[in-house]
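Data first, discussion second: the structure below is written as structure tokens.
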Amino acid sequence: MKDRRKRSDVVSWSRFFWCTLFIVFTCVLFTGFTFSTFRFLFGESFQPELVLKWRAPPMEAISGDSPLAAPSISIRDIVTLPDQALVFLNCPPPARFFAKEELDCVYFPANNSSQQPPLKKPPVDLDGDDPEKQIVRCPLQPRGFTASVALRPNGVLPAGPSHRWDSLAYEALIDRDNTTILFVKGLNLRPERVSNASRFECVYGWDFKRPKFLLRTEVVSIAQEIVRCKTPLSILNSPQRLNNSLKVSLRVKGRGTLPTIARPEQPRPDFRPEKKHEMCICTMVRNQGRFLKEWVMYHAEMGVQRWFIYDNNSDDDIDAVIESLSNAKYDVSRYVWPWIKTQEAGFAHCALRARDSCQWVGFIDVDEYFHLPSGLFLRDVLHNQSKYSNVAELRVSCHSFGPSGLKHVPPQGVMVGYTCRLAAPERHKSIVRPEALNSSLINVVHHFHVRDGYEYVNMDRGEMVINHYKYQVWEVFKEKFYRRVATYVADWQNDQNVGSKDRAPGLGTRAVEPPDWSSRFCEVTDTGLRDRVLANFTDPRTHLLPWQEGDKRSTRTRRSRRKLAWKLF
């Protein structure tokens with residue numbers, strides 16, 4: 001009996017020893033394989049414990065008992081501009097668009113020892129093309145206050161993280177080569193120069209307060225505000241990780257990581273054997289809705305097929321104008337781009353979006369019109385240039401027009417109303433092949449850098465120019481240049497960048513109409529575009545231009561509604 005017990009004890013301990021040894025050996029083997037694999041995928045900077053933490057942090061719940069307030073709605077981020085605060089809402093599905101009347105901007109004292117009640121103001125406007133990612137534009141918070149948003153009647157959202165607009169990673173998308181294009185402010189890199197990428201690295205993660213749980217990857221190129229990063233393979237191999245919580249930023253080695261609200265997006269691919277559109281236009285606007293109809297309708301006749309409108313915090317009726325143009329079968333889309341002083345970055349972003357569907361893309365403003373004195377159309381010019389496979393950019397000279405003796409907005413539109421300009425052209429704008437752009441996406445608004453092997457062509461002014469209606473009647477000019485100085489200031493009367501070309505010559509910083517404004521900037525009478533428009537666009541029955549027809553119909557509609565309202569009253 002004792003012998004049997006001794007033998008069983010020996011067998012049990014032997015089995016325990018060999019089982020333990022097997023488990024330890026398996027763990028060591030698995031761990032070594034995992035670590036070596038991740039070092040191969042991500043490089044030496046990758047930290048192995050990251051693979052255990054691919055989870056988004058839980059969202060903050062909203063307080064209050066508002067029936068409109070779903071528990072999962074939260075404030076994702078707040079970005080403070082010089083004249084307003086952008087509050088980014090996170091509204092998971094099933095989400096709907098909020099009306100302006102359903103929200104209040106709420107301001108809490110940062111140190112509320114006196115129990116001062118919060119302030120409330122109505123929003124400036126609401127933005128966003130996606131009901132899950134809405135932007136509430138609030139009046140700038142008073143000094144010492146924190147901004148938030150309340151859903152009426154009493155659902156106040158906890159304030160989210162707040163950021164400065166001028167030091168921020170603000171937008172990101174994944175390119176077709178699987179690199180991430182990151183847009184940043186605050187680096188102050190030299191314009192039109194590629195910088196040393198080794199000084200930087202890209203950082204991915206969900207919680208930037210915990211640096212050891214972040215992925216770090218190589219910067220492929222960096223120029224101006226545009227960074228191209230290597231995207232981690234774990235993200236590319238698991239598209240579900242590209243959700244609303246994953247963020248990317250830029251780390252300056254030796255200085256730290258920029259604050260970020262940039263979440264990489266993967267544009268829907270639109271690959272076709274041939275481009276859908278021969279000619280497209282990208283533009284950035286702020287409160288230019290009343291001029292958009294003339295600009296789109298004219299360029300449609302000239303050969304433009306698609307318009308990308310980047311809306312830079314407009315608070316006019318531009319969305320209604322775009323909707324009416326879309327209903328009239330013009331291919332116009334609005335993209336919310338709230339970032340100030342980022343036109344170059346916005347145009348680079350647009351070039352990437354337009355690349356799959358557009359052979360050529362023009363980058364001009366809403367007060368700029370392609371004019372072909374030869375009587376040709378844009379499609380004719382593009383066909384001629386497309387014969388040369390190495391031509392990737394057409395540079396077009398700009399003629400700046402003045403008020404032309406007018407004191408009020410011309411009823412027939414800018415092309416007919418303004419006929420006097422400066423003699424010498426100012427600057428140029430470009431039409432480019434987006435496929436041929438340099439991977440750094442360097443541009444200075446007026447032109448892009450193209451890849452090696454491609455070149456640009458300076459267009460002959462007898463073939464094509466741009467009529468830039470830059471100095472219009474005072475009421476328009478004042479609106480256009482308010483908040484449009486080279487260094488952003490809330491008030492253009494501040495003495496900053498007085499000599500900038502964005503300022504009117506001789507005007508300085510005083511927003512007061514000079515007595516001779518209507519006769520300024522008039523050196524050459526130029527009626528070429530006016531004559532072509534009147535000859536080819538005028539309705540022989542009504543003698544109206546197409547953009548006037550719409551205004552007349554909308555005026556009649558408003559009058560009939562007013563009459564009906566009086567009858568009902």
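Worth pointing out:
- Surface/4 estimate of mean projected area, convex hull on alpha-carbon atoms of the range 357-454, nm²: 8.1
- Here the convex hull built on the C-alpha positions of the range 149-268 has a volume of 142 cubic angstrom per residue.
- The fraction of accessible area contributed by carbon and sulfur in the range 75-132 is 55 percent, rounded to a whole number (1.4 Å probe; ligands and nucleic acids excluded).
- Gyration tensor verdict on the range 425-481 (Cα atoms; rounded if a/c is under 1.5, prolate if a/b is larger than b/c, oblate otherwise): oblate
- Distance between modelled label sites at Arg190 and Gln266, nm, 7 Å Cα→Cβ extension: 3.8
- Dimensionless Rg/Rh of the range 119-159 - Kirkwood Rh, Rg from C-alpha atoms: 0.97
- Accessible heavy-atom area order of Arg306, Arg379, highest first, probe of 1.4 Å: Arg379, Arg306
- Each peptide among 348-355, 197-204 gets the average number of other Cβ atoms lying within 10 Å of its residues, and from highest to lowest they stand as 348-355, 197-204.
- Cβ-Cβ FRET estimate between Asp317 and Glu132, R0 fixed at 22 Å, reported to 0.05: 0.35
- Modelled spin-label separation between Arg255 and Arg176, with each label point placed 7 Å from Cα along the Cα-to-Cβ direction: 3.4 nm.
- Cβ-Cβ FRET estimate between Glu101 and Glu301, R0 fixed at 60 Å, reported to 0.05: 0.90
- Label-point gap, in nm, between Asn237 and Ser198 - each point 7 angstrom along Cα→Cβ: 3.0
- Principal axes of the range 214-364: Cα extent on each, largest first, Å: 52, 38, 27
- For the range 367-480, the share of DSSP beta bridges that are antiparallel, to the nearest 5, is 65%.
- FRET E, pair Arg379, Arg152, Förster distance 60 Å, beta-carbon r, rounded to 0.05: 0.70
- For the peptides 258-264, 441-447, the ranking by mean Cβ contacts within 10 Å, running from highest to lowest, is 258-264, 441-447.
- Mean Cβ count within 10 Å, highest first, over the residues of peptides 232-238, 85-91: 85-91, 232-238
- Close Lys pairs in the range 224-361, defined as Cα atoms under 26 Å apart and 8 or more places apart or on different chains, number 10.
- Rounded accessible area per residue of the range 327-408, 1.4 Å, Å²: 34
- Neighbourhood net charge (14 Å Cβ-Cβ; Lys/Arg +1, Asp/Glu -1) for Arg164: -1
- Rg/Rh for the range 91-222 (Cα atoms only, Rh after Kirkwood) is 1.05.
- Part-to-part distance (alpha-carbon centres) for the range 132-177 and the range 387-411, which is given in Å: 37
- Among the chymotrypsin sites (Phe, Trp or Tyr not before Pro) found in the range 305-412, those both in a DSSP coil and sparsely packed, with 11 or fewer other Cβ atoms within 10 Å of their Cβ, are Tyr388.
- A DSSP coil position with no more than 14 other Cβ atoms inside 10 Å describes the following GluC sites (Glu not before Pro) in the range 379-455: Glu426.
- Taking other residues whose beta carbon is less than 11 angstrom from the beta carbon of Gly417, and scoring Lys, Arg as +1 and Asp, Glu as -1, yields 0.
- Rounded if a/c under 1.5, otherwise prolate or oblate - the range 251-333, Cα gyration tensor axes: oblate
The values are calculated or read from the model by the stated rules, or taken from the named source; none is laboratory data. The structure presented is a predicted model; accordingly, all values stated were derived computationally and were not measured. Here Cβ is always computed from backbone atoms with ideal geometry, including for glycine, and neighbour counts include all displayed protein chains. The protein model used for the area step is the full one, side chains on, heavy atoms only, and it has no ligands, DNA or RNA in it. Shrake-Rupley method; radii C 1.70, N 1.55, O 1.52, S 1.80 Å.
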